[in-house]
Amino acid sequence: MAGLMGRATTVVKAKFSKLLDNAEDPNETLDYSYEQQLTLLQNVKRGVADVVTSKKRLQLQTTQLEQSLLKLETQARAALAAGREDLARAALERKTTTQEQLRGLDEQVKGLEAQQEKLIASERQLSAKIEAFRSQKEVIKAQYSAAEAQVRIGEAATGIGEQMADTGLAIQRARDKTEDMQARAGAMDELIASGTLEDFTSDKTQLDRELEQISSQSQVDSELARLKGELGAGAERKELRP
Amino acid sequence: MIVRLMGEGQYRVDDACLTRLNELDDGAVEALEREDEAELDARLDEMWGVVRDQGNRLDDGDLTPSDLIIPPSDLTLEETRALFSEQGLIPDLPA
């Protein structure tokens, strides 16, 4: 069995040679290939824009969640001051869930940033190669006989075809990732809008949930204790009033 | 020999480097057959490391085709398999 390197090489080259089979005349091959390259470069630029948009959206959600953390904290404090420990507990439970969501968002933003960097690097390489190809193409057209040109074109086209396949893969992966993010971002928008941040879509097991329940329970307990401590003095003053 | 690190760029490597790459490649194939993703990623990362450390980076404007192409390690096992399947992971180029 061929190695991974060998197989990857074969797959990438096969992809591009199929494309070039469509054109036979050397000059036609050059122009055809050049057009493909420009189209691909447009796609890459769109891909970068898509990733940036998704990232912005996630960052906006981060801000919204941070605001809702503050709000929940205020609500818990108010509920406790009013003697409604049950409401305070509910607010703090939501706060814990929101904190988890925030951590998830941070990871997603980092993932998109990595994707964005890769795409930009791909775009830069492709642009440089297209520029080199463009100048070579004119030299080949002007200086070589049909037979010689065929050989030179084969080389240049394979070299750039490889870059095109590589860049195509980078866009494809960025697109998959952004689509996934956008679906999640949409779901998150709904949760934020409805004020419930419970994660109904998770594939966690019952045990996972129970374990999380225990740890979030203890976090809620300690936060309750903290709030009670802070409100202690105020509550006593209240009791002194007639 | 010219090697492409998919998603990163091309490097020129010498024979000693190529021998090492072939050894690592054998390990990677075995890991893929065993469906051992951690092992596969580790072998690919090593291959990338060897090429980056010992190879000479080609200019972005260089049009020389590569002799060998090394897939990235951040592909999942399924993506790696798709890469080698008939349809391939690589999308069709713009027509």
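All of the numbers you see were taken from the coordinates with simple rules; none came from a lab. Everything numeric in this text was worked out from a predicted model, so none of it was measured.
Counting DSSP beta bridges with both partners in chain B, what percentage is antiparallel, nearest 5?
65 percent
Take the residue pairs A:LYS45/A:LYS137; A:LYS56/A:LYS177; A:LYS56/A:LYS95; A:LYS45/A:LYS177; A:LYS56/A:LYS129 and return only those whose Cα atoms are more than 21 Å apart. Exceeds cut-off: A:LYS45/A:LYS137; A:LYS56/A:LYS95; A:LYS56/A:LYS129. Remark on B:LEU58: its backbone amide H falls under 5 Å from those of B:GLN10, B:TYR11, B:ARG12, a criterion applied only to residues 5 or more positions apart or on other chains, H modelled at 1.01 Å from N. Among B:ALA31, B:ALA82, B:ALA42, the largest mean-square fluctuation in a Gaussian network model of chain B (Cα springs under 10 Å) belongs to B:ALA82. Calculated on the alpha-carbon coordinates, the convex hull of chain B measures out at 105 cubic angstrom per residue. Maximal additional length on extending the B:ASP14-B:ARG34 stretch stands at 4.2 nm, based on 0.36 nm per residue less the C-alpha distance.
Of B:LEU83, B:LEU32, B:LEU18, the residue with the greatest mean-square motion in the GNM of chain B, using alpha carbon springs below 10 Å, is B:LEU83.
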